[in-house]
Amino acid sequence: MLPTADPALSRALAADLAAAGFDSDTIRAAWGAAADTAIVRGLRGPALRALDGRRDPLAVLARLFVLGMPQPTADVAAALPACGTNGLARLGLAEASAGDIAPTALLRPQAFADEAGSVEWWIASDLDEAALGSALPEDHVLGVGGASLTLAGLLLPTPAASVLDVGTGCGIQALRARRFCDAVVATDVSERALRFARLNALLNGVDGIETRAGSLFEPVAGERFERIVSNPPFVITPRAAGVPAYEYRDGGLVGDALVEAFVSEVGVHLEPGGVAQLLGNWETRGDVDGLERVRSWVAGSAVPLDAWVIERETLEPLEYAELWIRDGATLPGTPAYARLVDAWLDDFAQRDVSRIGFGYVLLRRPVGGEPTLGRFERLPQPVRGELGPHLADALAAHDVLASMTDAELARAALVVAGDVTEARHHLPGAEAPTVIELRQGGGFGRSFEVDPGLAALVGACDGDLGVGVLVDAIAELLEVDAGALRADLLPRVRELVFAGMLRFAEPVATGGAG
C-alpha cells in the first residue's frame, strides 16, 4: 500500500495525535526509558508489558504506530475521532483486518531542538522487521535512523534561500532544512519514498517542499542551490545475484562510485558560496588511502570546490560486510549469512579494498572562484551534541583567517573559548611538565599537544592585547628570538582559531575569501 498525501485527512490525523498526547516524552514516560531503548533493538515485549490492559488513545496509538501492531477497530476509532479508521486507510497508513486495524506503516514522534527552538514531528515510514516479522523488502522506506540524525545535526543552521535534498527518503532532511531556508526541492528514485516525504510534510504542517523523482542531479538539471544536503544510499553492496539491493541504502553502483559521482557533480549545482553536505563511504584500494581518493574526486570537479572531509571511522571488509548483512536481518550462523559474507568479500577483493571509511563531506563553491579550504582529516573521537553550529563557526573563522596576513593576525586580540581546558602531565618529582594538552569540550572534542610557548600564549589570550604583543612578551620570558617564536606560533594559532579553541575578541571583516 502506498501512502497518500491528502491535506484534509493529514490535518485531521495530526489533530487526533496531538489530542492523544502522542509525543516522544509522553510515550517514553508511558513505557519507560529501558523499553524505549529496547524498541530500537527490535524488542517490543518490555513496552507491551508496560501498556498491558490500557485502551486509552495514547496506548492504542503507541501499539499501532510505534510498535506496528494491529489494534481493535473500536479502540482505533475512539483514538482518532477526526481522522477515523477510513481516513487512516485512505492515507495508506492502515487497513482493516479481521476486526482489527492493522498498520501498513509506522508513525513515530520525532523530537529535536535547534537554534530556532524545539520541535515535535510525526514521521511516517515503512514497517520495520519487528512489525513485519520478516526481512525488509527491497523498496523499504526507512524512518529516522542514526545516519539521518547524524546528518541532520551536521546541517549548517545559517539561512539559505534554496535547498536541494538528494535522496530524501522519508523527508526528514527536507523538513529540517526548511527550518532555515525559504524553499526545498526533495528528490528520490523511489516514488514510495516521495509519497512518504509529501505525507510527512503535510502531517507536520510544513510547506515549501517540492518533491521530484530521479537519480542524483537528474531532476534538477541546469538548476543551482544555496545549500545541498544528502544522506545518499552510500552502502557498498556487491552487484551479485542473491544480494538484496535495498533502495534506502544501495545506490546501484559499484563500490563507492555513488559518493564519487555526487562529489564530482555537485559543484555545478551550487550557487557561489553555496555549501553541500553529505554522509558517505569510501574505499582504500591497494596503496591508495580512502581520504586521498576523496581528495582526487574533489580535484576532478568541473567547478573548483572548498572541501572539508572528516573520516569518523574505518572498517575492514569483513567487519563492513557483517554490519550490513545484519542490517538486512540475515542472522549469523545461517547458510544465507555465510553466502552473503562471501559475496561481499569477493566484491572487495576485485578492487583490492583493505578498508572502508565512513565520514562527513562538506563542499563549498567559492565566491571568488579559487578554493581556500582543503582539509581531509580523521577525527574518530566521540562528539556530543549537534555539530552544525560548530561547522558554521569554523567556516566563518576560516574565511577570516584566509583574508588575514600574519601581520594582521598578530595585531588581533583573541580569547580562549569557554570549553577549553588544559592538562599538564609531570614525571614524579619533576617541576616542568613533560606533556601539555589543550582539550576542547565541544565541537569535535579535539586535543592538541602544545609546548610551553603556545600554552603561555593561549593562557594569556583574554581579549586585551594583540597576539604579537603577547608573543614578544613570551619570547622575552623564555629568552628566545621573538621573530622565530612568532613564525612558529602563528600557524598553530590559525589552527586553534579554526578549531574554535581561540576566538577573535572583536568581529573581523573579511575580504570574501570563501
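Please treat every number below as a calculation from the coordinates, not as lab data. For clarity, every value in this text was computed on a predicted model and none was experimentally measured. Using ideal geometry, Cβ is built from the backbone for each residue, glycine included, and neighbour counts are taken over all protein chains shown.
Assorted remarks:
- Mean separation of Cα contacts under 8 Å, 6 or more apart, over the residue count of the chain: relative contact order %: 10
- Amide H contacts under 5 Å for Arg375: Ala307, Trp308, Val309, restricted to partners 5 or more places along the chain or on a different chain, H placed in the peptide plane at 1.01 Å from N.
- Net charge dipole size for segment 415-514 [Lys, Arg +1 and Asp, Glu -1 on Cβ; Debye, nearest 20]: 420
- Segment 1-124 shape via C-alpha gyration tensor axes, a/c threshold 1.5: oblate
- Modelled this way, with points 7 Å down the Cα-to-C-beta line, the labels at Thr421 and Thr334 are 4.7 nm from one another.
- Distance from the alpha carbon centroid of segment 350-384 to that of segment 160-177 works out to 21 angstrom.
- Prolate/oblate/rounded call for segment 399-504, Cα gyration tensor, a/c under 1.5 rounded: oblate
- Centroid-to-centroid separation of segment 12-44 and segment 245-270 [C-alpha atoms, Å]: 35
- Kyte-Doolittle mean at least 0.5 and Cα axial length at least 24 Å: DSSP H helices in the chain: 482-499
- Comparing Ile236, Ser10, Ala38 along the charge dipole axis of the chain, the residue lying farthest to the positive side is Ser10, per the Cβ-charge model.
- Listed peptides 481-494, 91-104 by packing density, highest first (mean Cβ within 10 Å): 91-104, 481-494
- Look at the Cα gyration tensor of segment 351-444: its axes a ≥ b ≥ c give a/c of at least 1.5 with a/b at or below b/c, and that counts as oblate.
- Inter-label distance for Gln350 and Ser447, nm, one decimal - labels placed 7 Å from Cα along Cα-to-Cβ: 4.3
- Of Leu106, Ala131, Phe180, farthest towards positive along the dipole that unit charges on Lys, Arg, Asp, Glu beta carbons give segment 102-209: Phe180
- For Pro433, net neighbour charge (Lys/Arg +1, Asp/Glu -1) across residues whose Cβ lies under 14 Å away: -4
- Computed over all pairs of different Cα atoms, the Kirkwood value for the hydrodynamic radius of the chain is 25.4 Å.
- Between Pro332, Gly359, Ala257, the Cα set farthest toward the positive side of the dipole of the chain (charges on each charged residue's Cβ, about the Cα centre) is that of Pro332.
- The charge dipole of the chain, taken about its Cα centre with unit charges on the Cβ atoms of Lys, Arg (+1), Asp and Glu (-1) only, comes to about 1360 debye.
- Sites matching trypsin sites (Lys or Arg not before Pro) across segment 178-252 that sit in DSSP coil, with at most 13 neighbouring C-beta atoms within 10 Å: Arg239
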